[in-house]
Amino acid sequence: MTHSNDNAGSVGGHLIQAASITGDIHLGATPPPIPRQLPPAPTSFVGRTPELTALTNALGGNATVAITALAGTGGIGKTALALHWAHQRLEDFPDGQLFVDLRGFSPDSEPLAPETAVHGFLDALGQDPAHQPADPFAHYRSLVAGKRLLIILDNAVDTAQVVPLLPGSPTCTVLVTSRNHLPGLIGAHGAQHVALDVLPRQAAHELLATRLGHADPADLRELGELCGGLPLALTIVAGRARIQPHLPLSEVIAELRDTGLDEDDPTASVTAVLSWSHRALSVEQARVFGLLGIAPGPDISLPAATALAGSPDTRRTLRALEQASLIHRDTANRWRMHDLVRKFAATVAIDRDLTGLTDFYLHTALAAHHHLDQLHVHPLPPGPPRTPPLELPDEQAALTWFDAEHPGLLTALHLGDPLLTWQLAWALTTFQQRRGHQHDHHTTWALGLAAADQLDHAEARHTALRLLGRACLRLGQPREALDHLRRAVELATEANDLAGQAHAQRALALAWQALGDHQRALEAATHALDAFEQLNAPEWRAKALKGYGWHLVNLGLELKAVDYFTTALALSRTHDYRDGEAGALHSLGSIALKLGRHHEAIDYLHQALAQYRELGDTYEQADILRRLGSAHTALGQTGQAATAWRESLVLHQAQHRHQQVNWLLARLGEG
């Protein structure tokens, strides 16, 4: 059934008109979710009346999207102002609220990429993670078009980080917070600039009075002046006073004066107040505070913090630090620090022993890796865990844990312990390959190889060379890959490691293939296949059969290759090897496409796509979708082809696979 799609009436913004819609139209579809991403409103908010008025005035009668840029120094209260106003005006945004921390000024991580931020928005707007759009930014703008939606972009580092996340619809309102003034946003996009200064005396007094209750007004005024009116400093002072309610404010004032507060320098005030507040912590609270300041990653879960602290009372300690306004919990129930607080915590950390945390990360990562890959044998297995790793029941739980912890695990690779670095690199391998984290994967194994050299461990070294070589191949660096993989074969041979030789030869075949030397590729693949047969390793033999088949294809022996792919499929199914089954189906679909058997190709490719989606392997999904588009094109199914290619495009873009991106853009007429 075909329904015409006629456009009537006026439409604001860009319009893409579809010629026809094939298939039935279901009017009873589930409506998309309304995003509610706002963190909780700040407690005890006071003052800022002119700024709140400016935000409200920006709502009315705009022909373009309303953008307000809140600028001010760290700790001045930009995020608190944005959230307070947002919660007060929820009725103005019935279609929801989006929020993202762009981490523009984190002391231990890079600013959040807009590509990462937009996928978080798409998830909140109901986009199926398994069917990502070709252009996520355009799709995001389409989803929010015509909606009365609030979008808060917190802690932006510059205009370039913000612009891709701006909607195109005048019904949307955007708040941006930054320590930097954003002239590009103001000049090119008409953003209203609102500069935040320290709180005036009366507002500082009110903030302290709200948090501390009945107190001598003179003492409250003096405390406000000592903190220079900086909200972060005021909040920390109030937190300290609250956890020591029997301490007279006069003594608090005297102690603060002894710290040498500079009322004219807000940043210096924060450091001085933090130093004073730190002295009031118990020994255990101070120890955990310092450890949190040096822990790898931008945030930490409760289980990881418990392993870090090595104490069953960690939850209580974290709550005490939260009450002292030194840490806070985000909406994902992970603990974070303001970046100025984190920087200070790192300087005062006395206990710098991270082994509890790294042991927890390593053993949980290895358990997660085992869900993803049960074939490889760990060359350097660690000893028993100091603390029990997190229990992950299945493959999806493993992927979810890796997704959350990946930034922290990457940071942990740099801690300087070569054994830890190598073991973590091993644990991250399959996850990074499936998720298409190609550059991270290359960095991981460059560090892994350096660690193996320090360890002087033969198997660790040739394994690192092999995996670094494969990472180079995925980045389009075949010459570098060839050097690493030749060396891997040599070292495995010197060590009489037949399994190591087999894996290295299989990877070496791919390097020769990338360089166009298909005869040498076949020779290396032959060595790999023979070795796996000697090892009686059926799953690896299935992988090797598939690889051997492709080297036959490159030599013009397509029909012979089909026999190898079919054998690989049967062997994988016999041994319930899902990754091998998916790969064989992908190969059979690809060769059917090459032979002009387009219906057969589509059938095989759809089976492979379903398998790889279950495995969470976005790298292979990207290639399958690209080939599906070609098969549909050959059958004249241009709409289905474009859908597959656009989905493939967004995956290739996220994986920075520029050659394939250019190919897809050309096919889509966008190059």
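What whole number of Å gives the distance from the Cα centroid of segment 339-406 to the Cα centroid of segment 96-116? Here the answer is 23 Å between Cα centres.
Taking a straight Cα-Cα cut-off under 24 Å and skipping sequence neighbours fewer than 8 places away in the same chain, the lysines within cross-link reach of Lys78 are Lys343.
Net charge in the neighbourhood of Ile151 (other residues with Cβ under 14 Å of its Cβ; Lys, Arg +1, Asp, Glu -1) is +1. Treating r as the C-beta distance of Arg242 and Asp197 and R0 as 25 Å, the FRET efficiency rounds to 0.45.
For Ser169, the shell of other residues with beta-carbons less than 9 Å away shows a net charge of +2, using +1 for Lys and Arg and -1 for Asp and Glu.
The alpha carbons of segment 210-252 stretch over 25, 20, 18 Å along the principal axes, in descending order. Between 0 and 90 degrees, the angle of helix 458-474 with respect to the longest Cα principal axis of the chain falls at about 90 degrees. Relative to the longest principal axis of the Cα atoms of the chain, the long axis of helix 249-258 makes an angle of roughly 70 degrees. In terms of other Cβ atoms within 10 Å, Phe121, Phe431 run from fewest to most in the order Phe121, Phe431. On the beta carbon distance between Leu595 and Leu419, with R0 = 60 Å, the FRET formula returns roughly 0.75.
Using Cβ point charges alone (K and R +1, D and E -1), the dipole size of segment 49-195 about the Cα centre works out to roughly 360 debye. Against the longest alpha carbon principal axis of the chain, how many degrees, from 0 to 90 and to the nearest 10, is the axis of helix 231-243 turned? The angle comes out near 80 degrees. Helix content alone sets the calculated 222 nm mean residue ellipticity of the chain: runs of n ≥ 4 DSSP H residues at -39500 (n - 2.57) each, divided across all residues, give -19000 deg cm²/dmol.
Each of Cys227, Cys172 was scored by other Cβ atoms within 10 Å of its Cβ. Arranged with the fewest first, they read Cys172, Cys227. Rounded to the nearest 20, the Cβ-based charge dipole of the chain about its Cα centre (Lys and Arg +1, Asp and Glu -1) stands at 720 debye. Electrostatic bookkeeping for His193 treats Lys and Arg as +1 and Asp and Glu as -1; over the other residues with beta carbon under 14 Å from its beta carbon, the sum is 0.
Consider the candidate values [x] 91, 70, 39; [y] 93, 69, 51; [z] 162, 70, 66; state which one is Cα extents along the principal axes in Å computed from the structure displayed. The listed entry that was calculated here is [x].
Any read-out appearing in this document is the output of simple, stated calculations on the displayed coordinates, not a laboratory observation. For clarity, every value in this text was computed on a predicted model and none was experimentally measured. When we count neighbours, we look across all protein chains shown, and the Cβ atoms used for this are built from the backbone with ideal geometry, even at glycine.
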